[in-house]
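The values are calculated or read from the model by the stated rules, or taken from the named source; none is laboratory data. Since the model is a prediction, treat every value here as computed from it, not as a measurement. All Cβ positions, even for glycine, are placed from backbone atoms using ideal geometry, and neighbour counts span all protein chains on display. The accessibility values were calculated without ligands, DNA or RNA, using every heavy atom of the protein model including side chains. Shrake-Rupley method; radii C 1.70, N 1.55, O 1.52, S 1.80 Å.
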Amino acid sequence: MDYDFDTAINRRGTNSLKWDVGDDELPMWVADMDFKTAPQVAAAIAKRAQSGVFGYEIIPDEWYSAITRWWSRRHNFEIKKDWLCFCTGVIPAVTSAVKRVTNHGDNVIVQTPVYDIFFHSIENTGRHVLENKLLYQNGTYAIDFDDLEKKLADPLTTMLILCNPHNPAGRVWTKGELQKIGALCHRYGVTVLSDEIHCDLTEPNVYYTPFAAASEECKNNSITCVAPSKAFNLAGLQSAAVIVPRKDLRNKIVRGLNSDEVAEPNSFAITGAIAAFNEGEEWLDALRVYLSENRKIALAFLKEHLPEITAVEQTATYLLWLDCSAICTDTRPLCDHIRQTTGLYITAGGQYRGDGKTFVRINVACPKTTLADGLNRLERGVKSFLPKL
């Protein structure tokens, strides 16, 4: 079946966070695709809407089986039904887990630069962010294991939030890397919370290893958050799952999710997730090819027109992470200038901490015509910024 990713969808005036911008502005910032979801998902939601009744929902067996079959088939990970808990989103799950598994004043390790909302989940609950800064070498990122062990050894460190695959670095961590993280965290009694929301958005023929599948130590010391929201563009449905194999740890998470009132689905959350995982596989594979093409187009454009900017080598997500250190030491003024002069809205990397201040993040999950427009605006903005230096 052919799927249409080329048709631009007018999202202005639809209460879209991404597109709540000026008439002449082009948003390529937040991780939200400009494609319609899989037609099978849209059809299932439309059928559900036709009932006209939107009362309280339960979690049916089909939700559990859709997730367990997907991870078995796509990621070679056998999940038991009782490991799964519904949640309204990955970030609500992360925040709830931080509150339940750690104490006020504890350290929570994050590997920066990393998704900035993790910092909110930690700091807003009275915990401290401890940065294990990733090593940027030869155009890609690696884990500084020496620094990681030192920080895990701190008696006040009780959790590591892992991003697998990593946002914004675009790294798919290897099984060996995950095993090493798992062994260190087990040694020092630190719980691993793994955000795997981007796991289905790897490059074609690139496969990710779930943290909990890397080893027995990883499995028994893990809380894993997954969702159809990134891969199928369903963030607005507020549907996620938390996977916790160890019973005593799972009991804490279940109690936390219920206490925080983030364990009840809306009328479309379950329907959308089931349809995505049961019927959306062919669409997702076509999407991954399209995203790979967009990445290649963007990298070729940068090489020809903006050689001052270096793209980080990435094999996952649809978010380019661009090194602008040859242009400036802080990309905030650069991004502000680009938006003011061209209307292109992209993300300055400083908010991701670590070495992010010299990077920008750009979302390329859009039709190729939109991508071309964005790249041309980027070129104009950068070239008009350079004379100001």
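Values for this structure:
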item: Förster radius 41 Å - calculated FRET efficiency between His337 and Lys80, Cβ distance, rounded to 0.05; result: 0.20
item: Gain in span if fully extended, Ala300 to Asn205, counting 0.36 nm per residue against the direct Cα distance; result: 32.1 nm
item: Distant-in-sequence amide H partners of Cys87 (H built 1.01 Å from N, under 5 Å); result: Ala240, Ala241, Val242
item: Under 14 Å from Lys18, Cα to Cα: aspartates and glutamates that are on another chain or at least 8 residues apart; result: Asp32, Asp34
item: Percent of beta bridges antiparallel (DSSP, the chain, rounded to nearest 5); result: 50 percent
item: Proximal aspartates and glutamates relative to Lys303, as straight alpha-carbon distance under 19 Å, when same-chain residues fewer than 8 apart are discounted; result: Glu293, Glu313, Asp323, Asp373, Glu379
item: Per-pair calculated FRET efficiency, R0 = 45 Å: Thr125 and Lys47 via Cβ, rounded to 0.05; result: 0.70
item: Heavy-atom accessible area order for Thr140, Thr329, Thr14, largest first, 1.4 Å probe; result: Thr329, Thr14, Thr140
item: Ellipticity estimate at 222 nm from DSSP helix runs (n ≥ 4, -39,500 (n - 2.57)) divided over the chain, nearest 500; result: -12000 deg cm²/dmol
item: Estimated inter-spin distance, Arg69 and Arg12, nm [label 7 Å along Cα→Cβ]; result: 4.3 nm
item: Cα gyration tensor shape for the stretch 239-389, rounded if a/c is under 1.5, else prolate or oblate; result: prolate
item: Peptide ranges 172-178, 346-352, 247-253 listed from the most packed, as the mean C-beta count within 10 angstrom indicates; result: 346-352, 172-178, 247-253
item: Phi-based couplings in Hz for the stretch 321-338 (Karplus 6.51, -1.76, 1.60; Gly and Pro marked x); result: 10, 10, 7, 10, 5, 6, 9, 7, 9, 8, 7, 4, x, 5, 5, 4, 5, 4
item: Using θ = phi - 60° and Karplus 6.51 cos²θ - 1.76 cosθ + 1.60, couplings along the stretch 279-286 (whole Hz; Gly, Pro as x); result: 10, x, 5, 4, 4, 4, 5, 5
item: Rounded accessible area of His198 (nearest 10 Å², 1.4 Å probe); result: 10 Å²
item: Length-normalised contact order of the chain in % [C-alpha pairs under 8 Å, at least 6 apart]; result: 24 percent
item: Whole-number percent relative contact order across the stretch 1-129, with pairs defined as alpha carbons under 8 Å at least 6 apart; result: 13 percent
item: Estimated inter-spin distance, Glu313 and Ser267, nm [label 7 Å along Cα→Cβ]; result: 5.0 nm
item: Lysines with Cα under 17 Å of Lys80, excluding same-chain neighbours fewer than 8 positions away; result: Lys219, Lys247
item: FRET efficiency for Thr329 and Arg187, using Cβ-Cβ distance with R0 set to 41 Å, rounded to 0.05; result: 0.60
item: Thr202 long-range amide H proximity, modeled H, under 5 Å; result: Thr317
item: Accessible surface of Phe359 - all protein chains present, 1.4 Å probe, nearest 10 Å²; result: 0 Å²
